[in-house]
There are 2 protein chains.
Amino acid sequence: MEKGIVHIFGNGTSASIQLEHLLESEGYVLQQTSNMDGLQEMVLRDKPSAILIDLDEFGDRAWSVCSELKDDMVMRKAALILLSSNEDESLRVKGLEAGADDFVAKPYSPREMLARIKAISRRISTGDGKKIRVKDIEIDLDEHRVRKAGKPIDLTYIQFKLLYLLASRRNNVFSRKEILEKVWGKKVYVTNRTVDVHIKRLREKLGEYKYPSQYIETIHGTGYRFL
Amino acid sequence: MEKGIVHIFGNGTSASIQLEHLLESEGYVLQQTSNMDGLQEMVLRDKPSAILIDLDEFGDRAWSVCSELKDDMVMRKAALILLSSNEDESLRVKGLEAGADDFVAKPYSPREMLARIKAISRRISTGDGKKIRVKDIEIDLDEHRVRKAGKPIDLTYIQFKLLYLLASRRNNVFSRKEILEKVWGKKVYVTNRTVDVHIKRLREKLGEYKYPSQYIETIHGTGYRFL
DNA sequence: GTATGAGTGGCATGCTCCTTGCAAAGATTA
DNA sequence: TAATCTTTGCAAGGAGCATGCCACTCATAC
């Protein structure tokens, strides 16, 4: 099993200190903080395999974090676990529906927490591998890099997310609405035309000059599809 | 979110009956049994999206099931959730390490269980999506693509919706009024004749040259039907 | 035969998509 | 800090395609 970084948002209780030791003895690297600003950058940089958020400490702020993490396909690689001493059922349901992978009551057992982190990671790591290979295109999610016939292609942040989305489900047709939600996020409002522009720029960098497109196909009236 | 079948191994407690109703109202199909023999065949046949196993009832027999499911790539598509009234930490850890995706204590909240099933399914979902197969025609909703004898047929937006409507309920006769409402929407006003035109173009692309029609039958004075 | 419903070819219209240029915001460098 | 480069979002023009309707022909029911 692959080890990784674990972000813990919340202060150190006795259980969390035990958990810390357990995780470290298992080969995980820990990062604990009580400041949730700049979470997005942090997650993108460190690519943690798990994120623990203490609801008692962060409360409502945590919900927006859940949806951010849920929407971003790069960040989704992390197991998102919520902690709370509040046993209320509706809170648990809310958390799970907001995108969390698990909801654990405090006080919790460190050993069980470790087992849960492993169980979720197991799910995430299997299935979609870290590299996507389509034709002569190779997309490396961890390195955040794209190669065509071995030669690296420089893509901007949006271009990468767009390509990754399309390539992650070949032949699936994505509507512009879907693309906007997955690449830009639910709240951001950006024109449909803008999607076209980014598709064009992406096609350019992939080296598409002629019709029919070799990689990205336009489905008139519907959306785009990666061949 | 993709719905599916849920296998429940264990007898009906009051919570499980509530859960049953919840799942059904969400569009899931349930299969409950207290016999675990032939599990492998059952799972392979039904491809459930979740499997709930009551440890109180099955005890040690459950562990072998966990590892079977864990090892089989096909079966891994299902969310495996263990239930137990035994709060013992080591049991929970054992279950999770054996390959279960979640471990829930009894008595459990049906709504939370539903949320957990969804949370896990979200991770697993690979979107081998909805397909309709009629004769040698195959309609793939996700790929927004139609195949005849394996060969792709290019349909326009309206043609696709029209075909999908007709094929979704074979042998059902759709009046032009009904077709207009379902394909064009309630407010749009379009002539009946236009429906004919689209039927004609659709028939053309499906490769219908001679009478009687192989796919779309005209019911004089009434409407159309997909055979 | 007559009346009504259905099929067809062609064409104008409008919509969708592609492309280019530009301006604003962000990142980088000196 | 100022200057430069990069990224991003949008508007507008233009090309191509899907659509909807007309007018006409053909089929069906009585």
The listed residue being of a type in the set (Val, Ile, Thr), modelled with pLDDT under 90 and within 15 Å of DNA strand C (Cβ to nearest atom), out of A:173, A:188: A:188
Pairs where the first residue, in segment B:185-208, is within 27 Å of residue B:135 (Cα to Cα) and the second is basic (Lys, Arg) and more than 10 Å from DNA strand D (Cβ to nearest atom), C-beta under 7 Å, 6+ apart: B:195/B:176; B:206/B:148; B:207/B:148
Odd one out for residue A:185, checked against (1) among the small types (Gly, Ala, Ser); (2) at positive phi; (3) more than 16 Å from DNA strand D (Cβ to nearest atom): (3)
Any chance residue A:180 is closer than 30 Å to residue B:120 by Cα, surrounded by fewer than 19 Cβ atoms within 10 Å (Cβ to Cβ) and not polar (S, T, N, Q): no
Subset tally (residues that are closer than 25 Å to residue B:160 by Cβ, without any contact (Cβ under 8 Å) to a residue 12 or more places away in the chain and either assigned to a loop (DSSP other than H, G, I, E, B) or in contact with a Ser or Thr (Cβ under 7 Å, 6 or more places away or on another chain) (or both)) for segment A:209-227: 4
Residue within segment A:185-202 that is assigned to a helix (DSSP H, G or I), under 21 Å from residue A:156 (Cβ atoms) and either within 14 Å of chain B (Cβ to nearest Cβ) or among the hydroxyl-bearing types (Ser, Thr, Tyr) (or both) present: yes
Any hit, segment B:60-83, residues being in a loop (DSSP other than H, G, I, E, B), under 30 Å from residue B:142 (Cβ atoms), in contact with a helix residue (DSSP H, G or I) (Cβ under 7 Å, 6 or more places away or on another chain) and modelled with pLDDT of 85 or more: no
Every pair of residues 6+ apart whose Cβ atoms lie under 6 Å, when the first sits in segment B:162-180 and is of a type in the set (Lys, Arg) while the second is modelled with pLDDT of 95 or more and assigned to a helix (DSSP H, G or I): B:176/B:195
Residue match in segment B:122-133 (condition: touching a Phe, Trp or Tyr at 6+ places or on another chain (Cβ under 8 Å) and modelled with pLDDT of 95 or more): no
Among (1) polar (S, T, N, Q); (2) touching a Leu at 6+ places or on another chain (Cβ under 6 Å); (3) modelled with pLDDT under 95 - the single one residue B:168 does not satisfy: (2)
Residues located in segment A:161-177, provided they are crowded, with 19+ Cβ neighbours inside 10 Å and among the polar types (S, T, N, Q): A:172
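The values are calculated or read from the model by the stated rules, or taken from the named source; none is laboratory data. Everything numeric here is computed off the predicted structure, so don't read it as measured data. In this analysis, Cβ positions are derived from the backbone assuming ideal geometry, glycine residues included, and neighbour counts consider all displayed protein chains.
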